[in-house]
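See structure below.
Coordinate-derived values only; no laboratory data. Just so we're clear, the structure is a prediction, and the values are computed from it rather than from any experiment. Here the Cβ is made from the backbone with ideal geometry for all residues, glycine too, and neighbour counts use every protein chain on show.
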């Protein structure tokens, strides 16, 4: 037996760090960072280093399984091994029958994070659904990030615009509810985050973190502003108002803003309530803190500012994201050096296309919930369960996701999944969702397939791309996702693969051909560059020239102004300015958290050799815990207006009094049990409110 190294890249988060896998006789024995990788520079996090252990997980799915009828009380099914032909024949017959009886929309698909990093698999899955004629597409986008494509579409004309930090030229980085030291960025990819942030500071850059908790990123920032939860929009509104007031004094300056944006006067009126006194009242920050932040913005000229799940999952998400864009536009920081740029992608070449700006109007929602908005070619996940309950969706494909723990109202979700004619789950390990499946499909994990940095290459800090071969051959009886849908398509006379390809003659690499043929260079250059290929750093101008309606930002969309008016008027989007004392003795505010060693529900029970696992906890401040007689390590009950969950408490002095933190995607504690798919739904995106909920916390008896 001889060890060998295979250069690859990690497909857990947007950073997609370069890795080197050491393989011995087909077994992955070690993962380390690739020191020759231009962006991650030898860095990889505990999640990446655990990929080898995950590959050999005892709960790996090895063979197709089919289920017995569901237990009438629990909804659970017994799974028995079956053959690939039996399984695919059965699924194809069910799909054909349901389409014949109920039409194409009887077939639904949920695509989650596990599918976003599988180039061929994601493309084949989406093409399969499209070829059936179904509109019932649901993705993880509407769970924690829909404010970002919404604002991009309303302000910039296209939902796919993702502002990227100009780390080489900017002088000020402001992070709102974002903790890249742990998350490696939210939409923006920040590989090797600690060293990259320190390099930025060493070059004269300044970092400000606006977050209720003293996060790992806040600990290394120049300034940490411990803002009241849910009040990011108030901080941003204050900044935009102050800068516009100054610009209006100088006609030349306000004319410059009007030269690059329409709706400036409407924006001025919308932010008028965000006075210094208003911001102090609602954010919990002092006048001095807010003035110093404004001075930082003035001094920098152009800025880079990013938001994370701390900002994007609560009721004020849309307004906060819009005012974040407005701040950049007022300071001339978008599509300009020293501010933010828009990565056109090495593979996607967005800057070579001619764009027709969208008007930002939503289509009607699914039949059972027509009031929900359909955007970005998908329905919001808040409508999925009702579509199943109403009988509109009878067959659901789940690709790389765990909706039992991701969706709201756990009990209702489980009942809906159990009622389906067929629940087909394509995954690498057993999950809470596979327990309800009629068909479990074992698919190749990320180390068992070739891949490209395709779907998310426009989130990177450089115009770059990377190809990886399979580190090891698919084990047991696993198949790539693309092959599964190709074979299903062939049984149903649907052309799932590109022209000329079949499930028999296609390979991972051959399917990359059409993608690479449209990239910035020839196929061989990408395939022969094991550490990735970098064309350039930040590029500027293409969004202004090719994407913006008439070359200008639409800085004041009426939908967002309406939500802003409700926020400043004390409407449903306004966080109540309660005092810490009132928080301590009443209910607390639920905040989302990321964890260094897990990714939502992934990697929950594995660790790199010599590493440790990380279990989810209910994080509380010492004051809040003491007030309830709770100590570190105690078991507690968390109750919202919609449900109850249980978990272990971790007392953390970094948590702001009046709030608790919980990671999303787990069974204990389970945020989904505290949420509703019917109440607190954002009308513009259909997002379920999973942050900013009022909850009570009570110690459980020993």
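Using the Cβ-Cβ distance between residue 632 and residue 219 with R0 set to 22 Å, the FRET efficiency from 1/(1 + (r/R0)^6) comes to roughly 0.65. When each of 483, 137 is scored by the number of other beta-carbon atoms lying within 10 Å, the sequence from fewest to most is 137, 483. Taken along the Cα-to-beta-carbon direction at a fixed 7 Å, the label points for residue 276 and residue 85 span 7.9 nm. Going from the residue with the fewest nearby Cβ atoms within 10 Å to the one with the most, 282, 169 rank 169, 282.
Taking a ≥ b ≥ c as the square roots of the Cα gyration tensor eigenvalues, with a/c under 1.5 meaning rounded and otherwise prolate when a/b beats b/c, else oblate, which class fits the range 3-55?
oblate
For the chain, the equivalent ellipsoid built from the Cα gyration tensor has semi-axes of 38, 30, 26 Å, listed from largest to smallest.
The slack in the chain from residue 491 to residue 41, taken as 0.36 nm per residue of separation less the alpha-carbon distance, amounts to 157.4 nm.
Suppose the Debye formula is applied to equal point scatterers at every Cα of the range 74-175; what is log10 I(q)/I(0) at q = 0.10, 0.22, 0.25 Å⁻¹? Result of the Debye calculation: -0.49, -1.35, -1.33.
Ranked by the mean number of other Cβ atoms within 10 Å of their residues, highest first, the peptides 659-669, 82-92 fall in the order 659-669, 82-92. Residues 434, 162, 613 in ascending order of nearby Cβ atoms (within 10 Å, fewest first): 613, 162, 434. Summarising the label geometry, the points placed 7 Å from Cα in the beta-carbon direction at residue 558 and residue 248 lie 2.2 nm from one another. Extending 7 Å from the Cα toward the beta-carbon at both residue 522 and residue 698 defines two label points whose distance is 7.1 nm. Take every Cα pair under 8 Å whose residues are at least 6 apart in sequence, average their separation, divide by the length of the range 3-99, and the relative contact order is 16 percent.
Between the range 328-379 and the range 642-663, what's the alpha-carbon centroid distance in Å? So the two Cα centres are separated by 34 Å. Residue separation of residue 504 and residue 287 scaled by 0.36 nm, minus their Cα-Cα distance, works out to 71.4 nm of gained length.
Between the helical axis of 481-491 and the longest alpha-carbon principal axis of the chain there is an angle of about 60 degrees. Here the chain carries DSSP beta bridges of which approximately 50% are antiparallel, counting only pairs with both residues inside. Using 0.36 nm per residue and subtracting the Cα-Cα separation, the extra length available between residue 646 and residue 256 on full extension is 135.0 nm.
When only Cα pairs below 8 angstrom with a gap of at least 6 residues are kept, the range 623-702 shows a relative contact order of 37 percent. Per-residue ellipticity at 222 nm from helix content only, as computed over the chain with -39500 (n - 2.57) for each DSSP H run of at least four residues, stands at -8500 deg cm²/dmol. Can you classify the range 577-699 as rounded, prolate or oblate using the Cα gyration tensor, where a ≥ b ≥ c are the square roots of its eigenvalues, rounded means a/c under 1.5, and otherwise it's prolate if a/b beats b/c and oblate if not? It is oblate, given that a/c is not under 1.5 and a/b is not larger than b/c.
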